[in-house]
Each structure stands twice: as C-alpha cells, then as structure tokens.
Amino acid sequence: MSRQVKVSMGTWSTSFGMERPAGLEQTLKVAAAFGFDGVELAGFAGHVMIERYAEPAARRALAVMLDDLGLEPVLLAPAPHGPIAGLPPWPVAEDGEVVALHEKWWAEFFGLAAELGISRMRVDPGMRGPLPYGVDHRRVWDGVVGMFGRLAERGADSGCSVLWEVESGQPFNKPSQIVRLLDDVGHPNLSLLYDTGHFHAAAVSGHNQVQPEEVLPGGQVELVRRLRDRIGHVHLCDTDGDVARNLFSRKIGFGKGIVDFAELLPVLADCYQGEWWCVDVIPFGSDVWGDLWDGRAFVHDVVARHVGAVT
C-alpha cells in the first residue's frame with residue numbers, strides 16, 4: 001500500500017527576520033495559493049499567540065479561515081524556549097511556583113491545539129545553550145527530562161503528539177545526548193521533530209557543542225538510522241553549514257546548500273513513517289517566498305518518489 005505525502009509550511013518562515021514580516025492572514029493566503037496541503041502555526045511573532053486567540057470566537061474564526069483556504073492545521077509551535085516575561089527558564093527555576101506557571105503556559109497551548117484540531121506540539125528544553133558556568137548540568141538535565149515527561153503525558157491526554165525539535169542553540173545538542181534524553185524521558189508520546197538544517201549542525205558541523213565535539217562520520221544518514229522509530233515529524237530545508245544570527249544552521253532553499261538529499265531522503269523516508277513533510281526555510285529575507293514556492297514542488301516531486309520507493 002502506497003504512503004501519502006502531504007506538504008506543509010511553517011508560518012514562522014515569514015513572521016520574523018525580514019524588513020516587513022508577513023502577518024498570519026497574509027501567510028495563510030499565500031500558503032493556499034502556493035498549493036500547500038497544510039500549515040504549521042507559529043505561536044509567536046504575532047501569529048497564533050494565546051493573547052490573540054484567548055477567546056472562543058477568535059479560535060472559531062481561525063478554524064473557519066483555515067477550512068475556507070483548504071489548509072489543514074498540522075502543528076502548533078509555541079515561542080522557542082517557552083519565554084514568559086520576568087520568569088527564569090523552567091530548567092533552572094528553583095521555585096516550584098515558577099515551574100507551575102510554565103506548565104500553565106503550556107496547558108493553554110495544548111487547549112488551543114485541541115480546539116483547532118491540531119495533533120502535534122513542538123517543544124524544546126526551555127533555555128538556550130551552552131549552559132552558563134556554575135549551572136548544575138544534572139539539575140538542568142533532570143528538569144528537562146521531567147518537564148518533557150509531563151508535557152508528553154498532557155499531550156497524550158488530549159491526543160496531541162509532543163515533538164522535541166533539537167536545535168544547536170539548545171543545551172543538549174550532541175547525537176548521544178539526543179538519544180539519551182529520549183531514553184531518560186521514556187514516554188511513548190515524545191518523539192523527535194527531525195529538521196535537516198538543525199540535524200546537519202548536530203551530526204556534521206557540531207555547532208555550539210560543548211567540547212569535546214561530537215560529530216558522526218556518516219553524517220545525517222548515520223544519525224537518522226540511529227533514530228529509527230523515534231522520528232515523529234520532519235522539517236526539510238537546505239543549509240550551507242553557516243549559522244544564522246548565532247541561533248541555528250542557516251535554513252535556505254533546496255539546492256542552495258550542501259545537504260545531499262539524494263543520499264539522505266531514501267533513509268529518512270524509510271525511518272520516518274509519517275505522511276506530513278514540512279518546508280521549513282528561514283532565509284531572513286524576501287527570498288523566503290521563492291524558497292517556499294520551490295520547496296513545495298521539491299517535496300511533492302522528490303520526497304514522494306523516495307517514499308514510493310520504500311513502500
């Protein structure tokens with residue numbers, strides 16, 4: 001039986017980093033016009049934020065807009081690192097009430113996802129890395145493991161898969177750390193959001209890793225094989241190996257970088273069983289529109305061919 005390939009785009013691609021970022025409505029209309037099957041919603045930068053969609057009427061209006069445009073809501077991505085103004089990051093918070101406030105923030109996003117019919121939630125460790133001097137590595141690790149476990153359980157209660165998007169700007173970004181953290185959480189509702197730009201940094205360039213550096217001789221292909229059955233969703237982009245604004249690997253249009261998709265995609269299609277593939281380009285400029293247009297065609301044509309080859 002053949003596997004279906006559906007193509008989404010992240011609204012964050014157009015929501016920041018440009019002289020004139022695009023609003024949510026404009027981005028959704030372009031996604032529909034470009035022929036995307038679905039969208040992954042940024043819970044930040046003025047897009048699908050709790051403050052903007054606090055009322056049931058606003059949530060219903062968004063659901064109607066998505067339906068009218070023929071776009072399936074695929075994933076919700078709250079603000080990276082879960083920032084709440086004035087609160088320390090939850091992995092280093094010593095006050096239980098602070099951690100509870102962060103959990104309440106997450107609960108609001110799970111509620112929003114349920115009302116919009118979204119079954120995937122992006123999560124991260126809640127702070128940037130590497131860890132500052134003097135911070136207890138074990139305490140942060142245990143804090144992340146505990147929070148990921150609770151978020152995975154909360155998601156399971158509402159039918160929402162919890163996906164850790166590993167980025168090089170996070171404190172735990174080495175291949176062995178990725179595997180070990182998943183093992184330590186040990187919850188079936190937590191899996192990886194595999195991003196070809198971010199995982200190039202993890203497996204090939206070692207960006208932002210605390211020494212000693214840990215890269216893999218087989219690059220992303222080797223890492224994907226290690227992660228078989230742990231990949232719950234995929235974001236695709238090319239990268240030139242450079243770093244965007246000291247945040248993460250540059251996420252550019254297909255064919256503009258150095259990722260060998262002819263080598264990577266057959267392995268990724270074999271190890272990831274989902275139907276959704278997201279075009280996740282963030283060139284920090286007006287090139288984003290062309291990269292999104294070309295990316296949709298690339299995924300439909302190239303990814304579909306490789307998925308068909310492993311069915």
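The values are calculated or read from the model by the stated rules, or taken from the named source; none is laboratory data. From a predicted model like this one, the values you see are computed outputs, not experimental measurements. Note that each Cβ is placed from the backbone with ideal geometry, even for glycine, and that neighbours are counted across all protein chains shown.
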Fill in: Evaluation of residue 38 against (1) crowded, with 21+ Cβ neighbours inside 10 Å; (2) touching a Pro at 6+ places or on another chain (Cβ under 9 Å); (3) more than 16 Å from residue 283 (Cβ to Cβ) (one fails), failing number
(1)
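With 232, 197, 206 as the choices, which residue is within 21 Å of residue 12 (Cα to Cα), among the small types (Gly, Ala, Ser) and in contact with an Asp or Glu (Cβ under 8 Å, 6 or more places away or on another chain)?
Values: 232 fails: in contact with an Asp or Glu (Cβ under 8 Å, 6 or more places away or on another chain); 206 fails: within 21 Å of residue 12 (Cα to Cα).
Going through 232, 197, 206 in turn, just one is within 21 Å of residue 12 (Cα to Cα), among the small types (Gly, Ala, Ser) and in contact with an Asp or Glu (Cβ under 8 Å, 6 or more places away or on another chain): 197.
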Response to the item:
Within region 178-189, of all residues that are farther than 13 Å from residue 227 by Cα and not β-branched (Val, Ile, Thr), the one surrounded by the fewest Cβ atoms within 10 Å (Cβ to Cβ) is 188
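Which residues, taken from region 51-96, are of a type in the set (A, V, I, L, M, F, W, C), part of a loop (DSSP other than H, G, I, E, B), at pLDDT below 95 and more than 15 Å from the chain's Cα centre (by Cα)?
Step one: filter region 51-96 for residues of a type in the set (A, V, I, L, M, F, W, C), giving 54, 57-58, 61-66, 69, 71, 74-77, 79, 84-85, 87, 90, 92-93.
Filter once more, so that each one left must be part of a loop (DSSP other than H, G, I, E, B): 54, 71, 79, 84-85, 87, 93.
Remaining after also requiring at pLDDT below 95: 79, 84-85, 87, 93.
Answer for region 51-96, where residues must be of a type in the set (A, V, I, L, M, F, W, C), part of a loop (DSSP other than H, G, I, E, B), at pLDDT below 95 and more than 15 Å from the chain's Cα centre (by Cα): 84, 85, 87, 93.
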Worksheet entry | Count of residues meeting criterion [without any contact (Cβ under 8 Å) to a residue 60 or more places away in the chain and not hydrophobic (A, V, I, L, M, F, W, C)] in region 292-311 | 4
Discussion item. Given the condition touching a residue at least 12 places away in the same chain (Cβ under 8 Å), of a type in the set (Asp, Glu) and either in a loop (DSSP other than H, G, I, E, B) or crowded, with 20+ Cβ neighbours inside 10 Å (or both), answer yes or no: does some residue in region 210-227 qualify?
Written reply: yes
Fill in: Hits in region 247-264 - residues which are assigned to a helix (DSSP H, G or I) and buried (at least 17 other Cβ atoms within 10 Å of the Cβ)
261, 264
Item to complete: Take region 1-27 and flag every residue that is outside any loop (DSSP other than H, G, I, E, B), of a type outside the set (Phe, Trp, Tyr) and touching a residue at least 60 places away in the same chain (Cβ under 8 Å).
Response: 6, 7, 8, 9, 10, 13, 14
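Could you run through region 260-279 and say how many residues are over 17 Å from residue 297 (Cβ atoms) and of a type in the set (A, V, I, L, M, F, W, C)?
Total satisfying the criteria: 5.
Could you tell me which residue of region 265-292 is surrounded by the most Cβ atoms within 10 Å (Cβ to Cβ), considering only residues that are assigned to a helix (DSSP H, G or I) and among the β-branched types (Val, Ile, Thr)?
This residue is 288.
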Discussion item. Against the definition (of a type in the set (Lys, Arg) and closer than 15 Å to residue 164 by Cβ), how does residue 138 come out, yes or no?
Written reply: no
Worksheet item: Does at least one position in region 91-98 carry a residue that is under 21 Å from residue 76 (Cβ atoms) and aliphatic (A, V, I, L, M)?
Response: no
Worksheet item: With (1) at pLDDT 95 or above; (2) surrounded by 15 or more Cβ atoms within 10 Å (Cβ to Cβ) as the list, and residue 168 as the residue in question, which single condition is left unmet?
Response: (1)
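Listed here are the residues, each with its yes/no results for (1) under 29 Å from residue 151 (Cα atoms); (2) surrounded by 21 or more Cβ atoms within 10 Å (Cβ to Cβ); (3) not acidic (Asp, Glu).
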{"residue": "8", "(1), (2), (3)": "yes, yes, yes"}
{"residue": "18", "(1), (2), (3)": "no, no, yes"}
{"residue": "31", "(1), (2), (3)": "no, yes, yes"}
{"residue": "46", "(1), (2), (3)": "yes, no, yes"}
{"residue": "72", "(1), (2), (3)": "yes, no, no"}
{"residue": "79", "(1), (2), (3)": "yes, no, yes"}
{"residue": "86", "(1), (2), (3)": "yes, no, yes"}
Worksheet item: Checking residue 122 against (1) in contact (Cβ under 8 Å) with a residue 60 or more places away in the chain; (2) farther than 23 Å from residue 172 by Cβ, which test does it fail?
Response: (2)
Fill in: Of all residues making up region 1-31, the number that are closer than 14 Å to residue 279 by Cα and among the small types (Gly, Ala, Ser)
4
